[in-house]
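The values are calculated or read from the model by the stated rules, or taken from the named source; none is laboratory data. For clarity, every value in this text was computed on a predicted model and none was experimentally measured. Note: ideal-geometry Cβ built from the backbone for every residue, glycine included; neighbour counts use all protein chains shown. Only protein heavy atoms, including side chains, enter the accessible area calculation; ligands, DNA and RNA are left aside. Shrake-Rupley method; radii C 1.70, N 1.55, O 1.52, S 1.80 Å.
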Amino acid sequence: MKNENDVVILPFNSAKINGKYLVSNAMGCWDALTPAEFRLLNALQLNPATALGRRLLTRGIAVDQNNIQDVIAGYRSLNANLFTDTSLHIAILTKRCNLRCTYCQAEGGASSQDMTLEVAGRVLKYLFDVANPSVVLEFQGGEPVLNWPVLEALVLNARKINTLGKKLQIVLVTNMLLLDDTKMAFLAKHQVDVCSSLDGPKDIHDRHRVDLKGQGTYSDVVARIRRFKDKFGRKVSLLPTITKYSLAHPERIIDEYVALGQDEIALRPANCMGSARCSWPDLGVTPEEFCDFYQRGLEHIIKINRQGRYLSERIARVMLTKVLAKRDPGYVDMMSPCGAGRSTMVYMPDGSAYPCDEARMLGEEMFKLGNIVNEEFDAILNKENLLNLLQASCANLWHYSSVFSPWMGYCPVVNYAVQKNIVPKVACSPMQKIQVSQYEQIFSRLIEGGDQVTIFNRWTEGKPDAATKKKTA
């Protein structure tokens, strides 16, 4: 800008949704225009003195000396992950598992595949070596409770050596079946958050989540979820996996989560990775099938909110946080470049380091970054294969003409599992088709307006009390 009166229209992409033109730019600014308004913008005939000109300046589609710093600040907030180092550290305590879920993305291992105290000590060193003041230590498997002594040691020592006062969250991802009162008491005492899987009502859950004898696990899982809450005052966060059998039942799955007191549900399809590859013809869903399921599910969740009960859908909440609040929710799968290595690091039982959960599940050497037993954190982060992975994950390289590009993420590891190439054929990528459809559904509702926008804003604020107060008012 040569002088303070200059107005510049930033380069933008567009798409027609609900009879209006959605326009967005690389800074994450957007607006919905009527056909007449869009013709003026597209012809670069913007008069800043008109109502439309003032609105596009307010929305950041156009910039001048008065708003350019706000637009830059919004971009920085939207992409805050670019300015921090690794926050999520996932310790795979064992490859052993007491279940044989048909859609499992991991590969089971021998009984010797347990993390030792030596490797666990190195995990803690990595955890506290990072400069990030907020870190998460997450336990996964297999079933991590099968290696309880190391889990217990990691929890106790992480709390003990956090002398710098980092904001430390510890999370256990478990199938719940091995948690007795003693273990629950330990987790509650040391404020370990627990996350588990529940695919919906009994018939849906038991179809895929079975024990080593092939028996369903629903009744035992739900009993322990309730026990942990009723006796120890701790809520279990739950995740469903959507398979072919789930497609006809979005309402039943969602209602099950409401009945169990959940405030959020994450509707996500199974991935064709690990053991799931063998069962894929029986459980896999197409992008089109999942998008129809998601649309029904989102409609039902909005209906529940209208009735005064707060319930958010996680992927929608993440997208809305980026779109409405211009805030980075720290969701690894929707970062560009992806959060592999930068925001997440995974440590295997033998000390092998991988940049993300999906990479360790594939277990291929091309994604392995080294071994934490004999390498320092900085050396792991500077591996050439990680840099190549991050280059391949820049969404604006593959979605540069998409109106949703400012908020999209891309996982080259999942793409490799499907296409055998980390460089994507975007039009053929199942996860990208799903993500585009989800953004279309969300913007369609934003443009439609009404109480949906109020509900969506509440999700970005994370205020479940607002719905409760509405119900009792």
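Here are a few things to note about the model shown:
- Kirkwood Rh in Å, taken over the range 2-81 so that all alpha-carbon pairs contribute: 13.0 Å
- Surface composition of the range 274-420: carbon and sulfur atoms hold 49% of the protein heavy-atom accessible area at a 1.4 Å probe.
- Whole-number percent relative contact order across the chain, with pairs defined as alpha carbons under 8 Å at least 6 apart: 17 percent
- With Cα atoms, 0 to 90° folded angle of helix 430-448 axis to the chain main axis: 50 degrees
- For the range 1-96, the relative contact order works out to 27 percent when only alpha carbon pairs closer than 8 Å and six or more residues apart are counted.
- Cα centroid of the range 263-294 to Cα centroid of the range 429-457, whole Å: 20 Å
- Distances between every pair of Cα atoms in the range 252-323, grouped in 5 Å steps from 0 to the bin holding the largest one, split as 3, 14, 22, 21, 17, 13, 7, 3, 0 percent.
- Size of electric dipole in the chain: Cβ of Lys, Arg +1 and of Asp, Glu -1, about Cα centre, debye, nearest 20: 1060 debye
- The value given for the chain is a Kirkwood hydrodynamic radius of 23.8 Å, derived from the mean inverse Cα-Cα separation.
- Part-to-part distance (alpha-carbon centres) for the range 374-402 and the range 196-246, which is given in Å: 36 Å
- Its relative contact order, with pairs defined as Cα atoms under 8 Å and 6+ residues apart, puts the range 75-231 at 25 percent.
- Within straight-line cross-link reach of residue 244, lysines at Cα separation under 20 Å, skipping those fewer than 8 residues along the same chain: 202, 433
- Value of Rg to Rh for the range 1-157, rounded to two decimals, is 1.28; Kirkwood radius and Rg both from alpha-carbon coordinates.
- Within the range 102-213, all pairs of alpha-carbon atoms sorted by distance into 5 Å bins from zero give the percentages 2, 9, 20, 21, 18, 14, 9, 4, 2, 0.
- Each of 436, 447, 348 was scored by the projection of its Cα onto the charge dipole of the chain, and the greatest displacement toward the positive side belongs to 447; charges sit on the C-beta of Lys, Arg, Asp and Glu.
- Members of 183/229; 125/183; 125/368; 231/303; 125/229; 95/166 lying beyond 22 Å, as alpha-carbon distances in this model show: 125/183; 231/303; 125/229; 95/166
- In the range 335-439, GluC sites (Glu not before Pro) in a DSSP loop with at most 14 other beta-carbon atoms within 10 Å: 364, 376
- Within the chain, longest stretch free of exposed trypsin sites (Lys or Arg not before Pro) [DSSP loop, at most 10 other beta carbons within 10 Å]: 3-212
- The range 56-105 versus the range 151-186: alpha-carbon centroid distance in Å: 25 Å
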